[in-house]
Every structure is written in C-alpha cells, then in structure tokens.
C-alpha cells in the first residue's frame with residue numbers, strides 16, 4: 001500500500017513539473033505572462049495624432065504645393081496624408097468621413113465647393129466637435145464661419161487676392177519697356193485668362209488687376225477674356241484660338257495663376273513667340289500669380305516677366321501650427337506669430353516676384 005502511495009505522489013510531482021516547464025519554455029526569459037486577449041499593442045498615446053487634410057484638386061498646381069507644405073510642416077507632429085478631392089465634392093465628403101472615422105483630431109480642407117462648408121462643419125461637429133481649418137478657397141459667408149467656434153481659415157491676404165500687385169507689376173513693366181506698346185496707341189491690348197468662376201478668388205483677381213492698371217492712368221483694350229479654370233491644358237486651348245485670331249496685336253497676356261500662364265506660354269511659343277526670352281524676335285509679356293518653381297525658371301529665362309508669390313510653404317506651416325494648438329485644446333494662434341482677423345482668418349501676404357528678387361521666392365520652396 002505504501003509503495004502504491006509513493007508511486008502516485010511521484011506521478012503527480014512529475015506532471016506538475018512538466019506543466020510548469022510547458023508554460024515557460026514557449027516564451028523568452030523575462031517575457032510578461034499576459035492573457036492572449038490583452039496582448040499589448042502600441043497605445044494610442046504613443047502614436048502621432050491624425051491631421052485629416054485634403055486639397056480640392058491635384059490639377060491645381062498651387063494646391064499641390066500647399067499640400068507639400070502641410071506634409072513637410074507636420075513631420076513629427078501629425079500623421080497626415082493629403083487627399084485629392086478630384087474637383088468632386090461627393091468624393092471629398094467621403095474622404096472627410098474616412099478621416100473622421102480614423103480619429104482625426106483636426107480637419108484641414110481646401111473645399112471643392114464652398115457651399116459645402118456647412119455640411120463639412122456638421123460632419124466635424126457630429127464626430128465630436130473636431131476643429132476645421134479651411135484653406136485656399138475662402139468661405140466668404142460670414143454666417144457659416146460664425147456657426148462653429150472651432151472653424152478657421154488660412155490663406156493669403158484677401159479682397160484682391162494678389163491682383164492689385166499683379167496690376168502694379170504690369171504698369172511698371174509697361175512704363176519701363178516702351179517697346180511693349182507695339183502699335184504706339186498708349187493702350188494695353190490685353191488678353192486675360194480667368195480662374196474657375198466658382199472659386200472665391202476668380203472674379204476679384206479679374207476685377208482688381210484691371211483696376212490697378214486703369215488707376216495708374218493706362219487704358220486697357222481687352223481683346224479677349226475667358227476662364228482657363230486654373231488648368232494649363234484648358235488655358236492653352238483658349239490661347240491657341242486667341243493667338244490665331246490676334247497674333248502680334250496682343251501686347252500683354254495676364255493670367256489669374258501660373259498654371260494658366262504655362263498653357264498660354266506653350267501656345268504662343270508654338271506660334272513663334274517668346275522662344276528666346278526677352279531677346280525673342282516676337283515677344284508678348286506674360287505674367288501670372290503664385291510664383292511656382294516652374295514659373296521662377298521661366299522668369300529667369302525671360303519667357304515670363306514675373307509672378308505674384310502666394311507663399312504655399314508658409315500657409316502649410318500656419319495650418320499645421322494652428323492645428324497643433326487646436327488638437328491641444330488651445331486657442332488657434334496661442335503662442336504663434338499669427339493673428340486672426342474678423343473673418344477668423346490667418347493671412348499670409350503676397351509679394352511681387354521678378355528676375356530682380358527671384359531668390360526670395362526660391363527660398364520658400366527650399367524645404368518642400
């Protein structure tokens with residue numbers, strides 16, 4: 001009987017030892033013994049917060065550069081991916097829904113259709129009062145901007161959207177270069193490429209550039225005006241028709257952005273103009289707005305006479321800094337060098353860019 005009891009106790013002891021070895025041998029020494037259902041994953045607090053960001057269309061060169069500015073400024077501060085709204089509001093709405101579903105702490109959007117702003121604001125409210133920063137396309141309806149205490153705008157100085165500076169540059173170039181007045185009548189025979197009529201900057205730019213010229217005492221003979229929709233290819237198509245009709249009668253090509261200036265330039269160069277900069281046998285001065293890197297090259301070569309810098313990098317930095325404050329529950333410009341105007345907007349000034357100060361524009365793209 002005693003020998004059977006001893007045998008049983010030995011079996012139990014071996015079984016316990018084997019079980020203990022089985023529980024520890026599958027994991028390295030020092031590994032915590034967690035329940036399978038509570039295995040540790042990186043905590044949300046260990047990850048960067050999400051900045052949901054989107055542009056209305058990648059076909060707008062300037063919007064793309066703002067996107068790059070946001071991405072650059074957000075490094076180490078936010079997770080972000082710049083969504084392309086493809087110029088379709090329903091597509092952008094879906095992108096915003098996804099951003100919010102992923103837990104975006106702030107939404108920054110260049111909206112496709114400014115009338116969709118109330119819908120976007122409502123989405124942000126329903127997702128937990130997420131702050132919204134609109135950029136590039138300004139929401140000019142004051143009631144919309146005042147409808148939510150966490151909505152702001154980042155853009156360039158308003159009202160004329162840089163067009164007064166553009167007009168002053170045209171006046172200066174006209175006075176310094178009497179050869180631009182080909183027929184000697186003292187008037188500028190001009191063609192003008194307008195932006196997308198649905199964009200808040202389109203009509204003001206068209207109006208203010210002309211006002212600046214006429215205010216300086218120079219008459220305009222507007223040979224043609226139409227929208228190029230901010231797009232190079234569309235602008236080229238328009239310019240093809242105008243250069244075919246007017247040819248060397250055109251004394252100035254003015255465009256509401258650089259992308260359209262590129263289209264106009266491609267068109268007239270195919271017709272033999274501006275092929276050797278200002279030394280060309282046939283020349284028509286071309287001027288845009290944005291001072292994109294591609295435009296700077298053409299200003300250096302003399303193919304364009306200038307552009308108006310709309311500082312994409314500084315706008316991107318402002319968007320990220322404001323978003324960082326809002327995500328932390330602070331005031332939008334608390335501790336920052338920016339100020340808000342009565343429209344709840346931070347505005348980055350425009351600057352005239354010619355061959356004489358082109359380095360000032362080049363510096364703004366150095367980190368993009």
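Read the figures in this text as sums done on the coordinates, not as results from a lab. Just so you know, these numbers come straight off a predicted model, no measurement behind them. Every residue, glycine as well, gets a Cβ built from its backbone with ideal geometry; the counts of neighbours run over all protein chains shown.
Over the chain, the alpha carbon radius of gyration divided by the compact-protein estimate 2.2 N^0.38 Å works out to 1.44. The Rg/Rh ratio of the stretch 52-126, with both radii computed over alpha carbons and Rh defined as the Kirkwood radius, is 0.95.
Using alpha carbon coordinates only, what is the Rg to Rh ratio of the stretch 273-368, with Rh defined as the Kirkwood radius?
Values: Rg = 17.7 Å, Rh = 15.3 Å.
Rounded to two decimals, Rg/Rh equals 1.16.
GNM remark for the chain: springs join alpha carbons under 10 Å apart, and the peak mean-square fluctuation among 73, 216, 259 falls on 216.
If you count, for each residue, the other Cβ atoms within 10 Å and average over each peptide, how do 307-316, 260-269 line up from highest to lowest? It would help to have the intermediate numbers written out before the result.
Values: 307-316: 25.8, 260-269: 24.1.
Output ranking for 307-316, 260-269: 307-316, 260-269.
For the stretch 36-163, the calculated P(r) over all alpha carbon pairs, in 10 Å bins from 0 to the bin holding the longest distance, is 12, 42, 32, 9, 3, 1, 0 percent. Using the average count of surrounding beta-carbon atoms within 10 Å as a protection proxy, the listed peptides 352-365, 277-290 rank, highest first, as 277-290, 352-365. Here each label is just a point 7 Å from Cα along the line to Cβ, and for residue 72 and residue 224 those points are 3.6 nm apart. Here the Kirkwood formula puts the hydrodynamic radius of the stretch 163-309 at 14.7 Å, using every distinct Cα pair.
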